[in-house]
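What follows is a short report on a single structure.
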Amino acid sequence: MKNNSIKRVLGVGVSIAVAATLAACSSGGGTTSNSLAGWKPDNSRATNQIHVLVLGDAAASAEKAAAARFNKTSKVKVVIDTGSTAGTEYNNTVRSQLGTKTGPDIFMSWGASGINPLVKAGGLLPLDDFIKADPKLKSSFLPSVFNGEVISGKSYGIPMRGVAPEFLYYNKSVLDTAGLTPPKTWDDLLSDVSTLKAQNVIPIALAGADQWPGQIWLQYLYTREIGNAQVAKGLAGDSSVWTSAGSKKALADLTTLIKAGGFGSNFDSVKYGSDGSAALLGTGKAAFELMGSWEYATISQDKSNIGWTAFPSLNGGAGAAGEINGNLSNYYNVAANTRYPNTVRDFLKQLYGTPFLQDQIALGNTPPTTDAATLIDADTKLDPQTKTHLDFVVQLVKDAPSFQLSWDQTIPAAQQNASHAASAAFFDNQNVDQFISAQQSTTAASN
Amino acid sequence: MPGPRTAEPDGKKRGGLRGAGRPSFVWSLPAVIFFAFFSLVPLAVAVYLSFTDYEGLAIQPPVWNGLTNWKAVLTDPSVGQAIFVTVVLIVLAVVTQVPLSLLIGVWAAGPQRGRAVVVALYFIPLLMSSAAITVLFSSLVDPNFGVPATLRQIFDLPVDNVFSNLLGNQWSAIGVVAFIYLWGASPLHTLIYQGGARAIPEVLYQAAAIDGAGRFRQFFNITLPQLKNTFVTSTILMVVGTFTSFDIILLLTSGGPNQGTTNLPYLMYNKGLSALNYGYGSAIAVIVIVLAMAVSLVMVRVTGYDKMQGTQEGV
């Protein structure tokens, strides 16, 4: 009796293993006759549903609402699967699931470098046929943002969530007390730093413990000194950009600011977040912070005290006035093995629909669409301060001659940590040669 | 070793169920299957992956690349640095946790009722998630809003003092990490020592008291020797646990400053999962496993723990 039950248990185990193997084999095949370029339908996928894997943070509510609206009229239903709230874990989930029969039909990405390996492996559906059927899937969005996921002339992502350029936030009352106005030029900023230090205020809040915030300063000084076109070349693997005179000038500028005590003396122990560097700015212990537009939502103190301005101009720099850095947007991508491409296409139309964009605005995001300004102005639920902030973001992006995606999002994902570490090291030791060679090695793989 | 049959001088069969005294191998099957499935199989996969190029894509299976990862790992200066950090953390864990757990554990083994209350409070960290503990400590060491800022106010310290940049240099950051481990893990070891101390027969102390031994003499000549096996168990747990420690470093320092707190498991996460180089990460994982096994084997041998000697022979 005992032996029998053990055999039975083993038997069940074996049959599960066999079934799993068979399933794995069957998902490899697929019909080849199809109308869409790059489509490899997997007919063993669940019937009458498509799965959307969303990043599990608070902003996913807009996507869930879009799915609920869509499901009211659609025969094939959209199922929302809530993934991790953290980008790294979310990406790992996508990578380990994409292409399997239970993997997502639609998932989110951060830009071309993240999806490049997926495109190379043939896992993504090019969306050009969708766009042919509905041109608004492209024309509704800001071209600089939409082009963020155009790879070798093919479009792979539809922008969703907010545009997040980076700019300089300041605490109004701290500047008032010190008798200062927001800096227009780099020299203004340097003189503000010495005034603020005399007032026992940390001039600039920097979350050094998290490593990436320091990179924003490097990004902007390079943008001002050599211009975004050169930066893009360097990030694409042209190592001469990093050894150029302009590059060394940018590093010298930052060294001046660090040595002047611009970031205080303990930024390496400060973390980013509502109880870290954003609180320094919010409570007036620091005067400035260079951060992406998400800073506004992060600050938990009285926001009427918070002001913002574009990154200062720099005399003699080769960059054009108004060039910016930041995160373009997030994108929805489509798995090549989806069973219901037409449903996917129709669901993607939600992303430029007014209800979805209104939800984004309510979340504090600036929609990556051409009609963002109109929608923000028409919104009656926003408080005036938030509205001004969103308007500023829209205007900044609109007026920018170029918008460079954050370095850590541009280089291959495998180099992201090394790139953060290199920036953090420069803030600690201001070693120009070490930074240049690190920068060359993290961008070399882009070639 | 004599078999069970020869152990019985008259060679007669015993009554009762056949084989009831000595369970057959089948009894251990659940444990063996569990161990194989969750430990040996993943281990084998890690070893296999360490010889491949794999980006974690389901649609792009691992590609065999021979010794490429291993050559890179063995020449990578960050691996040596990470081993150093790992060893420092282990030494700090043993040096701080053993005396603390031993003293409190022995004290807590006493019969007084008040102690139970104090000890119950002391065990609270055991109930909390280490992630939550780390987030809490991260706020506590914040130079502008945490304890350093308060100390500066109370004692009128200069802006730059020993507490103002705790995560900003390697040694103080390692110190903070070690302190959180001490705070979070020592209750467990205290519990082990408490159990060990309670198992020491009372007659030993009574005999010692008659012979005129005082409290210190009793502690060093009876309690400590009696706790030898407890000490070995607790220390092996401590060493292997610290070997694989990861959560606090991820949440508190992200391995910084300048890789100053990057130990082997964090390096494995950083290079493998985070940088999507599963082959390289697996090679580091194999190094972690081999080193941890070697260390615990050596500890078992050196301490004579494998001889299964009791401490109460003749009592």
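The values are calculated or read from the model by the stated rules, or taken from the named source; none is laboratory data. Please read these numbers as outputs of a predicted model, since none were measured by experiment. Neighbour counts are summed over all protein chains in view; Cβ atoms, including those assigned to glycine, are modelled from backbone coordinates with ideal geometry. The protein model used for the area step is the full one, side chains on, heavy atoms only, and it has no ligands, DNA or RNA in it. Shrake-Rupley method; radii C 1.70, N 1.55, O 1.52, S 1.80 Å.
Observations on the structure shown:
- Backbone N under 16 Å from the A:Ala321 label point (7 Å along Cα→Cβ), restricted to the stretch A:162-176: none
- Extending 7 Å from Cα along the Cβ direction at A:Asp134 and again at A:Thr354 yields two label points whose distance is 1.7 nm.
- Restricting attention to chain A, close to 60% of DSSP beta bridges with both partner residues there are antiparallel.
- Most fluctuating residue given options B:Ser186, B:Ser164, B:Ser24, as computed from a GNM of chain B linking Cα atoms under 10 Å: B:Ser24
- Among the listed pairs A:Lys197/B:Lys271; A:Lys72/A:Lys154; A:Lys138/A:Lys381, those beyond 30 Å (Cα-Cα): A:Lys197/B:Lys271; A:Lys72/A:Lys154
- GNM top mover of A:Tyr170, A:Tyr90, A:Tyr331 - chain A, alpha-carbon springs below 10 Å: A:Tyr90
- Two-site label geometry, B:Leu74 and B:Thr303: point separation in nm, points 7 Å out along Cα→Cβ: 3.2
- Potential lengthening of the chain between A:Asp57 and A:Thr243 amounts to 62.9 nm, from the contour at 0.36 nm per residue minus the alpha-carbon distance.
- Residue separation of A:Lys197 and A:Asp379 scaled by 0.36 nm, minus their Cα-Cα distance, works out to 61.4 nm of gained length.
- Helix-derived mean residue ellipticity, 222 nm - over the protein assembly as shown, DSSP H n ≥ 4, -39500 (n - 2.57), to 500: -16000 deg cm²/dmol
- Relative contact order [Cα under 8 Å, 6+ residues apart], the stretch B:78-276, whole percent: 38
- Relative compactness, chain A, computed as alpha-carbon Rg over 2.2 N^0.38 Å: 1.09
- Relative to the 2.2 N^0.38 Å rule of thumb, the stretch A:185-231 has a C-alpha radius of gyration ratio of 1.38.
- Taking the centroid of alpha carbons for each part, the stretch B:73-123 and the stretch A:70-110 are 42 Å apart.
- Residue-by-residue Karplus 3J(HN,Hα) for the stretch A:336-343, coefficients 6.51, -1.76, 1.60, Hz, glycine and proline x: 5, 9, 5, 8, 10, x, 5, 5
- Solvent-accessible area, 1.4 Å probe, carbon plus sulfur percent, for the protein assembly as shown: 62
- Residues in the stretch B:176-208 reached by a label modelled at B:Leu237 [backbone nitrogen below 20 Å; 7 Å Cα→Cβ]: B:178-201
- Surface per residue (accessible, 1.4 Å probe) for the stretch B:78-276, Å²: 47
- The distance between label points at B:Thr244 and A:Ser35 comes to 5.4 nm (points 7 Å beyond Cα on the Cα→Cβ vector).
- Globularity index of the protein assembly as shown, i.e. its alpha-carbon radius of gyration over 2.2 N^0.38 Å: 1.13
- FRET efficiency estimate (nearest 0.05) - Cβ-Cβ, B:Ala294 to B:Tyr122, R0 30 angstrom: 0.35
- Whole-Å distance, taken between Cα centres, linking the stretch A:290-365 and the stretch B:183-254: 55
- Dimensions (Å) - the stretch B:78-276, Cα atoms, principal axes, largest first: 62, 44, 27
- Averaged over its residues, the stretch A:280-347 has an accessible area of 29 Å² per residue, based on protein heavy atoms and a 1.4 Å probe.
- For the pair B:Val95 and B:Val32, the difference between a 0.36 nm per residue extended length and the Cα-Cα distance amounts to 19.1 nm.
- Where both bridge residues fall in the protein assembly as shown, DSSP classifies roughly 65% of the beta bridges as antiparallel.
- The relative contact order of chain A comes to 24 percent, based on Cα pairs under 8 Å that sit 6 or more residues apart.
- Among B:Asp142, B:Asp160, B:Asp53, residue whose mean-square fluctuation peaks in a GNM of chain B (springs only between Cα atoms under 10 Å): B:Asp160
- Using a cut-off of 23 Å between Cα atoms, the listed pairs A:Lys248/B:Lys71; A:Lys64/A:Lys349; A:Lys77/A:Lys349 include A:Lys248/B:Lys71 as exceeding that distance.
- Total accessible area lost when B and A pair, probe 1.4 Å, Å² to nearest 100: 2900
- Amide H to amide H, with H built 1.01 Å from N, A:Trp308 comes under 5 Å of A:Tyr170, counting only residues 5 or more places away or on other chains.
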